[in-house]
Amino acid sequence: SGCITFDEGYGNTGSCQSDISFIDGEKGILRHRGYPIEQLAEHSSFLETAMLVIYGELPHEECLDAFRQHVRRNASIHTGMHHHFDGFPSDAHPMAILSAMLNSLGAYYPEMSSNNRDQDLAHFDETAALLISKVRTIAAMTFRMKMGLPFEYPDHKRRYTENFLHMMFSEPYGEYVDDHGAAEALDLFLMLHADHEQNCSTSTVRMVASGGANLFASVSAGVCALWGPSHGGANMAVIKMLEEIHQDGDDGTRFIEAAKKGEAKLMGFGHRVYKNYDPRAKILGKSAENMLQSMGMQDPLLDIAKRLEQAALEDDYFVSRKLYPNVDFYSGIILKAIGIPVEMFTVMFAIGRMPGWIANWKEIAENPKSRIHRPRQIYTGETQRDYVKLGDR
Ligand code: CMC
């Protein structure tokens with residue numbers, strides 16, 4: 001294995017060629033299919049950005065309408081799957097449920113999950129809209145199951161995020177009313193998570209896809225990869241960290257000192273690629289502030305987050321390591337204000353990332369030259385030795 005180059009954590013290894021998203025980490029630039037994230041955040045919507053990410057172009061009006069219709073028509077889950085929820089203990093983590101459910105979903109659509117590339121691709125448009133729609137329904141059903149509430153059926157008249165909030169929070173004795181722009185804030189949150197180059201979960205989706213696995217199985221693997229606290233799980237960890245700081249009566253100063261000594265990690269800070277401010281964090285920071293203001297709400301956690309950010313941006317430890325807030329730093333404050341429980345935060349990330357996973361699966365599946373991903377290793381184990389019989393050890 002002398003000629004194999006080793007690159008810990010693939011810091012400098014291009015694993016694929018891709019047309020989907022572009023990042024310049026030094027300058028803090030993110031573009032989807034060439035469009036800057038700031039412009040999309042200002043003018044686009046989650047479903048439109050999803051189409052852009054998946055199909056490569058901003059859709060014409062009738063295409064976008066057709067896609068929206070498709071998503072609406074696919075919102076409900078086969079009743080056979082309702083029973084799967086009964087099998088989980090109520091304290092099961094929503095990410096475990098989501099991954100299992102997405103993989104199980106494929107079993108209800110054998111023609112779309114054949115693991116025959118041509119056949120799966122022939123159904124691609126249907127599968128993409130179905131997954132974008134149903135991932136949201138599964139998330140809401142998971143929450144209802146955990147709360148011991150009956151499932152709320154999707155309402156086909158509502159838009160994507162409105163329908164999600166309805167399935168989460170409506171009660172038989174009172175429909176959910178969005179009186180503080182929650183659907184709009186959630187739409188922005190999802191859009192800002194739509195795709196992000198070869199992150200851990202997207203690379204996982206591509207890895208699984210490269211072996212020829214269907215889209216359901218591939219995104220189910222993506223959910224597992226996203227779960228960890230260094231990746232999507234960071235959005236849960238940030239709020240837990242902010243709450244702990246608040247409960248300890250710390251204004252953030254003590255925590256920063258602990259992080260510098262290596263005793264704690266400032267969650268929501270740092271990024272493998274961004275060595276400048278994460279452009280998504282900039283947009284979400286503003287959005288969190290606007291949202292709380294429009295709700296007339298004050299969240300001490302936002303104040304702590306802002307103080308932590310300020311302190312870190314002035315501190316040599318963070319400056320010299322080029323550690324800046326990432327997408328997870330402010331997103332939890334928005335989700336919390338909407339009323340999403342902390343345990344569901346990473347599931348919300350998964351709903352947002354679904355278009356990126358789908359687009360990356362498509363890129364692999366459509367490429368006739370794509371090879372199975374099969375990295376090599378540097379072997380560091382024992383050299384050859386002779387077997388010792390059980391009684392002689
Ligand atoms: N707090 C304190 N120190 C940090 C942090 C942090 N959040 N992140 C990195 N460092 C230090 C690290 O200890 C190392 O110091 P030294 O050079 O003295 O050993 C240096 O900065 C370089 O860090 P690294 O671990 O080599 O960086 P990485 O590229 O391997 O990891 C990361 C990137 C995002 C996993 C890491 O910064 C981290 O764990 N951040 C906190 C978790 C987080 O917010 N994750 C979300 C990432 S963005 C969205 C997503 O992917 O979901």
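Quick check on the chain: what are the equivalent-ellipsoid semi-axes from the Cα gyration tensor, as sqrt(5λ), descending, whole Å?
On the way: eigenvalues 199, 184, 103 Å².
The three semi-axes for the chain are 32, 30, 23 Å.
Normalised by the residues of region 1-101, what does the relative contact order come to in percent, with Cα pairs under 8 Å and at least six apart?
Once normalised by length, the contact order is 13 percent.
Rg and Dmax of region 236-393 over Cα atoms: what are they, in angstrom?
Taking only Cα atoms of region 236-393, I get Rg and Dmax of 22.1, 75 Å.
Provide the gained length on full extension for the span Glu42 to Asp303, in nm with one decimal, where the gain is 0.36 nm per separating residue minus the Cα-Cα distance. All intermediate terms of the calculation are to be shown ahead of the outcome.
Details: separation 261, 0.36 × 261 = 93.96 nm, distance 2.50 nm.
That works out to 91.5 nm of additional length.
Run the numbers for His156 and Glu343: contour at 0.36 nm per residue of separation, minus the present Cα-Cα distance, in nm.
Details: separation 187, 0.36 × 187 = 67.32 nm, distance 2.71 nm.
Difference between extended and current length: 64.6 nm.
Which helices, taking whole DSSP H runs in the chain, have alpha carbons extending 24 angstrom or more along the helix axis plus mean Kyte-Doolittle at least -1.0? Please report the intermediate quantities before stating the final value.
Working: long enough: 124-147 (34 Å, 0.53); 345-366 (32 Å, 0.40).
Flagged H segments are 124-147, 345-366.
Express in whole angstrom the spacing between the alpha-carbon centres of region 207-277 and region 12-64.
A separation of 23 Å, based on Cα centres.
Taking a 1.4 Å probe, which of His271, His82 shows the most accessible area, and what order do the others take after it?
His271, His82
If I compute solvent accessible area with a 1.4 Å probe over the protein chains, what percent of it on the chain is carbon and sulfur? Could you put the intermediate results ahead of the total?
Values: 9450 of 19110 Å².
About 49 percent, which is the carbon plus sulfur part of the accessible surface.
Based solely on its DSSP helices, what 222 nm [θ] is calculated for the chain when runs of n ≥ 4 H residues each add -39,500 (n - 2.57) and the sum is averaged over all residues, nearest 500 deg cm²/dmol? Please list the in-between numbers first.
On the way: 18 runs with 217 residues, N = 393.
Mean residue ellipticity at 222 nm (helix-derived): -17000 deg cm²/dmol.
What is the extension gain from Glu263 to Glu243, computed as 0.36 nm multiplied by their sequence separation minus the C-alpha to C-alpha distance, in nm to one decimal? The partial results should precede the final answer.
Numbers: separation 20, 0.36 × 20 = 7.20 nm, distance 1.75 nm.
Length gained between Glu263 and Glu243: 5.4 nm.
Less than 16 Å apart at the alpha-carbon level, and either on another chain or at least 8 residues along: which aspartates and glutamates does that give for Lys306?
Within the straight-line cut-off, Lys306 pairs with Glu243, Glu244, Asp250, Asp251, Asp278, Glu289, Glu314, Asp315, Asp328.
Taking 8 Å as the Cα distance limit and 6 or more residues as the minimum spacing, I'd like the relative contact order of the chain as a percentage. Walk me through the intermediate numbers first.
Numbers: 532 pairs, mean separation 95.2, N = 393.
It rounds to 24 percent for the chain.
Please enumerate, by chain and number, the lysines with C-alpha under 28 Å from the C-alpha of Lys134, excluding those fewer than 8 residues away in the same chain.
Partners within reach: Lys146, Lys157, Lys336, Lys362.
With the Cα gyration tensor of region 61-179 giving a ≥ b ≥ c as the square roots of its eigenvalues, does the rule (a/c under 1.5 for rounded; else a/b larger than b/c for prolate; else oblate) give rounded, prolate or oblate?
On the way: a/c = 2.62, a/b = 1.22, b/c = 2.15.
Cα axes put region 61-179 in the oblate bin.
Just to confirm, what accessible area per residue do you get for the chain at 1.4 Å probe, in whole Å²?
Details: 19110 Å² over 393 residues.
For the chain, the solvent-accessible area averages 49 Å² per residue.
The values are calculated or read from the model by the stated rules, or taken from the named source; none is laboratory data. What you see is a predicted model; the values in this text were computed from it and never measured. Heads up: the accessible areas ignore ligands, DNA and RNA and are worked out on the full protein's heavy atoms, side chains in. Shrake-Rupley method; radii C 1.70, N 1.55, O 1.52, S 1.80 Å.
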